[in-house]
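The values are calculated or read from the model by the stated rules, or taken from the named source; none is laboratory data. These numbers were taken from a predicted model, which means no experiment stands behind them. Cβ atoms come from the backbone with ideal geometry, glycine included; neighbour counts cover every protein chain shown. Please note that ligands, DNA and RNA were not included when accessible areas were found on the heavy atoms of the full protein model with its side chains. Shrake-Rupley method; radii C 1.70, N 1.55, O 1.52, S 1.80 Å.
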Amino acid sequence: MALFDLPLEQLREHRSASTEPEDFDAFWDKTLEEAREHELHARFEPVDTGLSTVQVYDVTFAGFGGHPVRGWLRLPAGATEPLPLVVEFVGYGGGRGLPHESLLWASTGRAHFVMDTRGQGSAWGAGGGTADPVGAAPAYPGFMTRGVDAPENYYYRRVFTDAVRAVEAARSHPLTDAARTVALGASQGGGITLAVGGLVPDLVAVAPDVPFLCDFPRATTLTDRHPYREIGLFLKTHRGRAAEVLRTLSYFDGVHFAARGRAPALFSAALEDQTCPPSTVFAAFNAWAHEDKAIEVYDFNDHEGGGPFHELEKLRWLRSYA
């Protein structure tokens, strides 16, 4: 599809109609406080990958509810001093993959931690290994309506909490430098990055690419592509519950986390993106609170965004921060 959203000059001014809950901060403070009642128990087991330039560790840590969450930590082989840390979150349906994958960031001399997403890892890539042991009320197949009856039950409450704990776990390794921590990811990983950027106060930079989970009131009525369409299909069956659902989603909207962003940020958007429409991305970018922010726009791309071209932009950009 060619351009379908707002013109670029309007995108640069677009603001979300999502209403921030009055108890947004209290909700997340309580959520993280409860998570931290469980010991982190971060374990790093070396993996024999056959790689000579990168050392990989199989990581397990306690996420939401103390549930075990998996990840990979990749370090340049032979590292002896704490390194800048890149914490990455993956896209919808994917998992942490295999230990020899995703070697870019370790190849730059940084530590690279990738978090498995609970309950996912079965739609693309090489899979994941983290279960989601929490039940939920009736939901449309997928993850977008699991527990959507109440913020306390919603699936992404667990995922965003896992993500904050993932930063804490990665920082606990002696060869990572907590003072030089970057969060990044694309699509769902970009949405998780925004949440982490709003919940972790001392990151040095964030880089959300074509982020998902932003500007729910607009996204759910603008695109009929999944995953946002899961919400519409739920409401197609559960008539009259739109206000209730949007209230739950408002606690997880990247726009509200962006308003609390305290680190420099590099966003990306694609103007033909029907999965994460550009207006929803710009809603989060325009709300990002830190004044040091930029957005790369890819005029003729769909949800693939800038792909390897944007990786080059991130490599250049991150030199100033970590």
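Here are the numbers for this structure:
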{"item": "Degrees separating the helix 188-199 axis from the principal Cα axis of the chain, which is the longest one", "result": "80"}
{"item": "For segment 108-122, 3J(HN,Hα) per residue [Karplus equation, 6.51 cos²θ - 1.76 cosθ + 1.60, θ = phi - 60°, Hz, x = Gly/Pro]", "result": "8, x, 9, 7, 10, 10, 10, 8, 5, 9, 3, x, 9, x, 9"}
{"item": "Segment LEU40-ASP302, length gained on full extension (0.36 nm per residue, minus Cα span)", "result": "90.5 nm"}
{"item": "Contour excess over end-to-end distance, with Cα ends at ALA178 and HIS238 and 0.36 nm allotted per residue", "result": "17.1 nm"}
{"item": "HN-Hα J in Hz across segment 151-168 - Karplus 6.51, -1.76, 1.60, θ = phi - 60°, x for Gly and Pro", "result": "x, 5, 9, 5, 3, 6, 4, 6, 5, 5, 5, 3, 5, 4, 5, 5, 4, 5"}
{"item": "Nearest-10 value in Å² for the accessible area of VAL167, using the 1.4 Å probe", "result": "0"}
{"item": "Segment 92-138 and segment 166-209: distance between their alpha carbon centers, rounded to Å", "result": "15"}
{"item": "Under-5 Å amide H pairs with PHE267, H placed in peptide plane, nonlocal only", "result": "ALA294, ILE295, GLU296"}
{"item": "The chain: calculated mean residue ellipticity at 222 nm from DSSP helix runs of at least 4, using -39500 (n - 2.57)", "result": "-9000 deg cm²/dmol"}
{"item": "Cα gyration tensor category, rounded, prolate or oblate, for segment 43-130 with a/c compared to 1.5", "result": "prolate"}
{"item": "GNM result for the chain, Cα springs below 10 Å: residue of LEU73, LEU104, LEU246 fluctuating most strongly", "result": "LEU104"}
{"item": "Mean accessible surface per residue for the chain, computed with a 1.4 Å probe while every protein chain stays in place, in Å²", "result": "40"}
{"item": "Gaussian network model of the chain, springs between alpha carbon atoms under 10 Å - residue of VAL134, VAL59, VAL87 with greatest fluctuation", "result": "VAL134"}
{"item": "Accessible carbon and sulfur surface of segment 82-178 relative to its total accessible area, %, 1.4 Å", "result": "57"}
{"item": "Folded to 0 to 90 degrees: helix 307-318 orientation relative to the chain principal axis, Cα", "result": "60"}
{"item": "Protection-proxy order for peptides 216-228, 306-318, each taking the mean of Cβ atoms within 10 Å per residue, highest first", "result": "216-228, 306-318"}
{"item": "Reachable lysines, given that their alpha-carbon falls under 21 Å from the alpha-carbon of LYS293 and they are not under 8 places away in the same chain", "result": "LYS314"}
{"item": "In sequence order, calculated HN-Hα J values of segment 260-272 (Karplus, 6.51, -1.76, 1.60; Hz; x Gly/Pro)", "result": "10, x, 10, 9, x, 9, 10, 9, 9, 9, 10, 6, 9"}
